[in-house]
Amino acid sequence: MDIHYYDDHSEEFEKVTQALKTEMETIWGSQLKDNGETIDNEKVYAELFEELQFNFSREFFSSLDPAQSLSDEQIAAFVAKSRRYKTGITTKCIPAKTQKWIKSRVEPLGNAKGTNLIWIDTAAIEHIGAGRQFNDQYYLTVTTRSGKTYRVNDFLLPGHLLNYSQEALLKALASVTGGEF
């Protein structure tokens with residue numbers, strides 16, 4: 001699967017995005033209006049995209065107005081491009097030091113806030129893997145030497161993005177500058 005499919009099919013990407021925005025307006029229109037927000041605001045769109053993303057399926061896109069006929073691979077490519085090819089992995093480094101940390105969640109389905117947020121020394125990581133929340137929604141995990149497993153990405157991933165996302169995790173772990181991957 002080519003997750004960069006929509007880089008070469010930008011008109012199709014815009015049609016799918018517009019149909020999705022129409023659906024978002026239907027669902028959250030009055031709330032957006034009450035808050036003085038608009039779906040055209042990139043931050044608002046990104047937040048609502050994540051709220052709705054776990055519903056993405058062939059059936060979901062075919063029910064949009066206008067209906068969109070997407071394969072599972074195209075859905076994954078749409079998700080990847082919409083997120084600008086980020087998987088929600090964050091690492092931190094201290095300049096001139098070899099130590100590096102990765103943002104993680106103790107409880108995989110909880111928010112990355114408060115006592116559920118932990119920064120793991122990447123040197124303690126023994127294994128990388130994945131967990132599943134819904135039928136086709138995965139998250140990346142790392143297991144430390146102590147045997148504890150933590151979620152390390154913010155976004156749920158369609159199964160077709162799992163290999164790509166694990167490669168992004170390996171790049172994040174190899175990074176010497178840290179950042180968002």
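All of the numbers you see were taken from the coordinates with simple rules; none came from a lab. Fair warning: this is a prediction, and the values are worked out from it, not measured in the lab. Positions of Cβ are generated from backbone atoms using ideal geometry, with glycine treated the same way; all protein chains shown enter the neighbour counts.
Some observations on this one:
- Compactness of the chain is given as radius of gyration and Dmax, 17.7, 53 Å, from Cα positions.
- Kirkwood hydrodynamic radius of segment 1-40, from the reciprocal of the average inverse Cα-Cα distance over all distinct pairs: 11.5 Å.
- Within segment 48-74: backbone nitrogen closer than 11 Å to the HIS9 label point (7 Å, Cα to C-beta): 69-74
- Segment 44-130 - convex hull of alpha carbons, volume per residue in Å³: 150
- When Rg and Dmax are taken over the Cα atoms of segment 90-180, they come to 12.7, 43 Å.
- Chymotrypsin sites (Phe, Trp or Tyr not before Pro) restricted to segment 32-72 and DSSP loop, no more than 16 other C-beta within 10 Å: PHE54
- Rg of the Cα atoms in segment 5-82, relative to 2.2 N^0.38 Å, amounts to 1.07.
- DSSP-assigned coil residues among trypsin sites (Lys or Arg not before Pro) in segment 146-181, each with at most 16 further Cβ atoms within 10 Å: LYS148
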